[in-house]
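*Asks:* For reference, the structure I am asking about is given below.
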Amino acid sequence: MTVSEATRQVLELIEADISASSLDIDLDPNPSSTDDPGKFLLEGELARVVQPFNGFHANINLDWFEGSDERPEIQREPFYWYVFALRGQSGEEVETYHVCDFLSLKSHVLDFEAPEGNDHRDHHDWRGEIQKLDSDTGYFRWGDEPTDEQRLGRQVQLRNIEVAAGDVSPTTSGHRTPSDNEESARERASDTGEIQNENRRRKVTTSRVVRDTSLARDVKEHHNHECQLCGNTLHLSGDERYAEAHHVKPLGSPHDGPDVIKNILCLCPNCHVRLDYGTRELSRSDLRETDRHRIDDKYIQHHNQKIVEEGAE
Ligand SMILES: [Zn+2]
């Protein structure tokens with residue numbers, strides 16, 4: 001889908017929403033000041049469509065938020081609104097949109113605090129996106145964060161043209177601060193675990209949001225999102241498949257495992273939790289490996305000796 005196609009479809013949706021409401025919103029689809037096909041004027045301010053790159057995902061580039069809180073520029077023109085074109089699960093149609101001013105989008109992005117010092121800025125490969133949750137809401141997430149946790153926080157209202165009229169402040173248009181929601185997500189996540197010790201539980205659950213390196217994504221692709229322990233694949237909507245990457249010797253202190261494919265497993269969420277909690281030992285014979293992807297013995301030993309045995313003490 002080209003940006004001009006996405007923009008045409010977004011403008012049709014916006015025009016329909018304006019005329020279906022009593023809102024007095026000024027829309028200029030073809031401003032003379034620009035020849036960028038993704039731009040239009042909304043309430044006199046320049047807007048730019050961000051089009052889907054794949055399915056219903058839309059890319060967010062961290063570079064947009066570098067520097068000050070001044071309005072950003074696109075091709076040396078200042079602008080104000082980002083308008084995300086989100087298309088349906090199949091076909092080329094833009095199904096809905098999300099209007100976001102620069103500072104709101106910046107707060108969606110920067111509110112996310114990755115645990116244990118793994119900041120989103122650590123990884124250039126991380127991809128931020130706004131995804132559709134249901135017909136009215138979407139949510140912001142980073143990369144391949146576990147979807148369930150994200151659904152509880154950082155939700156945004158879709159088809160929210162009223163923000164342009166000032167009826168809803170952009171920051172309250174469904175955007176919730178992450179603290180309460182993420183805390184409750186963690187509580188819910190830990191409710192499902194068997195381990196009751198508070199400190200241990202906290203440590204384990206916060207590390208559940210795993211930064212996904214490009215190698216981790218390669219491993220998941222290589223196994224076609226099939227769990228290397230139980231063989232299951234989690235199917236999300238449409239033909240989207242979901243798996244999680246697990247560093248057998250964990251990244252970061254105190255384990256300081258390496259980010260190499262010999263240390264990365266592709267797992268379903270259930271098996272991932274068991275390994276993180278150390279309630280399951282690893283043995284080579286249990287692993288579904290391929291000629292091109294074998295876990296190194298020393299990382300399997302580390303798991304069994306440092307995570308299973310010491311965790312049980
Ligand atoms: Zn599994």
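No value in this document is a laboratory result; all are computed from the given coordinates. It should be emphasised that the depicted structure is a prediction, and the values quoted were computed from it without experimental measurement.
*Asks:* Under a 5 Å amide H to amide H cut-off, with H placed in plane at 1.01 Å, what residues pair with Val50 once short-range neighbours are removed?
*Replies:* Val83, Phe84, Ala85
*Asks:* Amide H of Val156: which non-local residues (sequence gap of 5 or more, or other chain) have their own amide H closer than 5 Å, using H built in the peptide plane?
*Replies:* Sorted by chain and number, the residues that satisfy this are Gly138, Tyr139, Phe140.
*Asks:* While we're here: With respect to the cross-link table entries Lys220/Lys249; Lys132/Lys220; Lys132/Lys249; Lys106/Lys262; Lys220/Lys306, which display a Cα-Cα separation exceeding 27 Å? Could the numbers behind the result be given before it?
*Replies:* Details: Lys220/Lys249 17 Å; Lys132/Lys220 23 Å; Lys132/Lys249 34 Å; Lys106/Lys262 36 Å; Lys220/Lys306 25 Å.
In this structure, Lys132/Lys249; Lys106/Lys262 lie more than 27 Å apart at Cα.
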